[in-house]
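Engineer: Supplied in C-alpha cells, the structure appears directly below.
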Amino acid sequence: MSQIVRHDPSPILSRAVEYNGMVFVAGLTADDYSLDIKGQTAQVLAKIDKYLAAAGTNKSRLLSALIYVSEMSNKEAMNEVWTAWIDKANLPARACVQAQLGSSKTLVEIVVTAAK
Amino acid sequence: MSQIVRHDPSPILSRAVEYNGMVFVAGLTADDYSLDIKGQTAQVLAKIDKYLAAAGTNKSRLLSALIYVSEMSNKEAMNEVWTAWIDKANLPARACVQAQLGSSKTLVEIVVTAAK
Amino acid sequence: MSQIVRHDPSPILSRAVEYNGMVFVAGLTADDYSLDIKGQTAQVLAKIDKYLAAAGTNKSRLLSALIYVSEMSNKEAMNEVWTAWIDKANLPARACVQAQLGSSKTLVEIVVTAAK
C-alpha cells in the first residue's frame, strides 16, 4: 500500500497530499488581494510550483487543473499568465469556470493534480 | 488491472467508486433541507463517513475535498463543523467555492477522494 | 513509474491525459452554441466518448464526473440526455453545480475521470 504524505497543513487542510504516484494540491489563492488578475495568477502559479517541488515533481507532470475565476471577463488575462507559465509540451487537462471565491477580493483560485 | 467497485447507485450516479487504491465519492448533500448550514454540513459529513466505510477506508485517508457552499457567508459556520469532524493529523487538500446547488435549499455539497 | 500520455493539445490544455491506469479528461463544451441544453449535452458526451476511446477506454469505466450547468433550471433536461447515454450498470460518482462558463452561450461543461 502506497503511503500518504501530507504537506504544509493549515487548521483545515493540507496544501498538498501525495499518494499512489500522484500529488493533489489544494485550491490556492494569492496572498496579496490588491493585485490584479495577472498578479494574482502569477502568485498562485508560484505557489503551485512550490508545492509541486515539495512533493518532488514539477509542472511538466501536471495531470489536471481546475481554475476558478471570480469574473469570467478576467479569463483572457489569466490565460496570458497561464500560457507563459505552463510547459507547452506537457499540458494538463483543464477546466475554467466562474465562481465566487473565499474573499471578495480573490480573483482566481487554482486546484491541480500532478504525477510524481 | 485494478477492478472498479461501485457503491449505492441512483439512476444517474454511484455514491462511491473504488479503483486503483482510491475511492471517488459523489457530491453529497443533506437529506433534510430545513437544517441550517451546520446541520446540513453534519449530515453531509456523516454520509461521507458512511461511504468511506463501505469502501473499507475512513476520513484519516482523505486525499482531496471540493466544497460548494451556496452562500460564501456560510463558509465560517461550515468550517466549524468541518474542523470538529476532520482528522487534524491527516488533512486533505481542499478547495471551497460558492455555487448554486441542485436545490435552492441545499446549502452545501461536498465531493471527496480518499485512499483505501 | 507510469508514463504520462497527453491527447489533442490546444495552446493551453490537453483534452485528455493518461497516467497510472486513469484518464483525466478536460472540461468539454459543445462546439455549436446555438443548440439547446439537450443538444449541447449530446455534443459534450460525444466528445467524451471520443477522448475515452483515444485513451483506450470507454464510458463503462468512468470513475467520476463533474457537471457544470449555466442555469440549474437546465439540470433536468441535461439529466435526460445523460441518463440515455450513461452505462446504467457502471455509473460514476458525480456532482452537478451551477457555474457561469467560458462563453455566455455555453450551457453545460463536463469533466470526467475514467479508468483505463
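Engineer: Looking at B:VAL17, B:VAL44, B:VAL112, which is the one that is of a type in the set (Val, Ile, Thr), under 22 Å from A:ALA26 (Cα atoms), surrounded by 19 or more Cβ atoms within 10 Å (Cβ to Cβ) and touching a helix residue (DSSP H, G or I) at 6+ places or on another chain (Cβ under 7 Å)? Give the steps one after another, and end with the answer.
Structural biologist: Working: B:VAL17 fails: touching a helix residue (DSSP H, G or I) at 6+ places or on another chain (Cβ under 7 Å); B:VAL44 fails: touching a helix residue (DSSP H, G or I) at 6+ places or on another chain (Cβ under 7 Å).
Of B:VAL17, B:VAL44, B:VAL112, the one residue that is of a type in the set (Val, Ile, Thr), under 22 Å from A:ALA26 (Cα atoms), surrounded by 19 or more Cβ atoms within 10 Å (Cβ to Cβ) and touching a helix residue (DSSP H, G or I) at 6+ places or on another chain (Cβ under 7 Å) is B:VAL112.
Engineer: Can you pull out the residues in the stretch B:11-53 that are within 15 Å of B:GLU109 (Cβ to Cβ), of a type in the set (S, T, N, Q) and within 13 Å of chain C (Cβ to nearest Cβ)?
Structural biologist: B:THR29
Engineer: Which residue pairs have Cβ atoms closer than 6 Å, lie 6 or more positions apart in sequence or on different chains, and pair a first residue in the stretch B:30-47 that is part of a helix (DSSP H, G or I) with a second residue that is modelled with pLDDT of 95 or more and small (Gly, Ala, Ser)?
Structural biologist: Hits for this filter: B:ILE37/B:ALA77; B:LYS38/B:ALA77; B:GLN40/B:ALA30; B:GLN43/B:ALA30; B:VAL44/B:ALA30.
Engineer: Only one of (1) within 9 Å of another protein chain (Cβ to nearest Cβ); (2) hydroxyl-bearing (Ser, Thr, Tyr); (3) touching a residue at least 60 places away in the same chain (Cβ under 8 Å) fails for C:THR83. Which number is that?
Structural biologist: (3)
Engineer: For C:ASP8, all conditions in the list (1) acidic (Asp, Glu); (2) over 27 Å from A:GLU76 (Cα atoms); (3) more than 12 Å from chain B (Cβ to nearest Cβ); (4) in contact (Cβ under 8 Å) with a residue 40 or more places away in the chain hold save one; what is the number of the exception?
Structural biologist: So C:ASP8 meets the others, but not (2).
Engineer: Quickly run through the stretch C:14-29 and pick out the residues that are assigned to a loop (DSSP other than H, G, I, E, B) and under 15 Å from the mean Cα position of the chain (by Cα).
Structural biologist: First, the residues of the stretch C:14-29 that are assigned to a loop (DSSP other than H, G, I, E, B): C:20-21, C:26-27, C:29.
Selection gives C:ALA26, C:GLY27, C:THR29.
Engineer: Mind checking which residues of the stretch B:27-62 are under 21 Å from B:VAL5 (Cα atoms), touching an Asp or Glu at 6+ places or on another chain (Cβ under 9 Å) and of a type in the set (A, V, I, L, M, F, W, C)?
Structural biologist: Residues satisfying the conditions are B:LEU28, B:ALA54, B:ALA55, B:LEU62.
Engineer: Among the residues of the stretch B:75-102, write down those that are assigned to a helix (DSSP H, G or I) and touching a Lys or Arg at 6+ places or on another chain (Cβ under 9 Å).
Structural biologist: Scanning the stretch B:75-102 gives B:ALA77, B:MET78, B:GLU80, B:VAL81, B:TRP82, B:TRP85.
Engineer: Filter the stretch B:69-78 down to residues that are within 14 Å of B:ASP36 (Cβ to Cβ) and in contact with a Cys (Cβ under 9 Å, 6 or more places away or on another chain) and give me whichever is surrounded by the most Cβ atoms within 10 Å (Cβ to Cβ).
Structural biologist: B:VAL69
Engineer: If you don't mind, another one. Within the stretch C:61-68, is even one residue crowded, with 17+ Cβ neighbours inside 10 Å, polar (S, T, N, Q) and under 13 Å from the mean Cα position of the chain (by Cα)?
Structural biologist: Yes: the stretch C:61-68 contains one or more residues that are crowded, with 17+ Cβ neighbours inside 10 Å, polar (S, T, N, Q) and under 13 Å from the mean Cα position of the chain (by Cα).
The values are calculated or read from the model by the stated rules, or taken from the named source; none is laboratory data. As the structure is a computational prediction, the values presented were derived from the model and not from experiment. FYI the Cβ positions are ideal-geometry reconstructions off the backbone, even for glycines, and counts take in every protein chain you see.
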